[in-house]
1. Just to be sure I understand the model, the point goes 7 Å from the Cα along the line to the Cβ. What's the resulting ASP41 to ASP10 distance in nm?
2. Just to confirm the number: angle between the C-alpha axis of helix 67-79 and the first principal axis of the chain, 0 to 90 degrees, nearest 10?
3. Helix-derived [θ] at 222 nm for the chain: sum -39500 (n - 2.57) over DSSP H runs of at least 4, divide by residue count, nearest 500?
4. When the accessible area of the chain is computed with all protein chains present and a 1.4 Å probe, what percentage of it is carbon and sulfur?
5. At 1.4 Å probe size, with every protein chain present, just tell me what the per residue accessible area of the chain comes to in Å².
6. When the solvent-accessible surface of protein heavy atoms is calculated with a 1.4 angstrom probe, in what order do PHE43, PHE11 fall, highest first?
7. Using only alpha carbon positions, build the gyration tensor of the chain, then give the equivalent ellipsoid semi-axes as the square roots of 5 times its eigenvalues, largest first, whole angstrom.
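The values are calculated or read from the model by the stated rules, or taken from the named source; none is laboratory data. Note that the structure is predicted; figures quoted are calculated from it, not measured. Don't worry about glycine lacking a Cβ; one is built from the backbone with ideal geometry, like all the others, and counts go over all protein chains shown. To get the accessible areas, we keep the full protein, side chains included, count just its heavy atoms, and leave off ligands, DNA and RNA. Shrake-Rupley method; radii C 1.70, N 1.55, O 1.52, S 1.80 Å.
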Amino acid sequence: GSLGPSYIADFSSRGPTSDGRTKPDILATGMAVVSAGALPDVFGECDPSRPPSPGGKSDGLLSLQGTSMAAPLVSGTALL
């Protein structure tokens, strides 16, 4: 399928604004993003046998969502 408004999370802001501007200005993945959930005393902690399900965890990895996951992606991309 094509990308468009249906690919924006339902908890994300959408435009147009009250003065007619198109929003959002930038989009980033913010749902079911896999991140390290360190287990410092476990060897191979971030090498799971299977990835975590959305909102779950598996062998030192977490699947999270929201701006806390999207902001680092945008920041890192901007830095490159």
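1. 4.0 nm
2. 80 degrees
3. -5000 deg cm²/dmol
4. 58 percent
5. Working: 6210 Å² over 80 residues.
Ligands and nucleic acids excluded, the result is 78 Å² per residue.
6. Result of the area sort, largest leading: PHE43, PHE11.
7. After diagonalising the Cα gyration tensor, the semi-axes are 32, 14, 10 Å.
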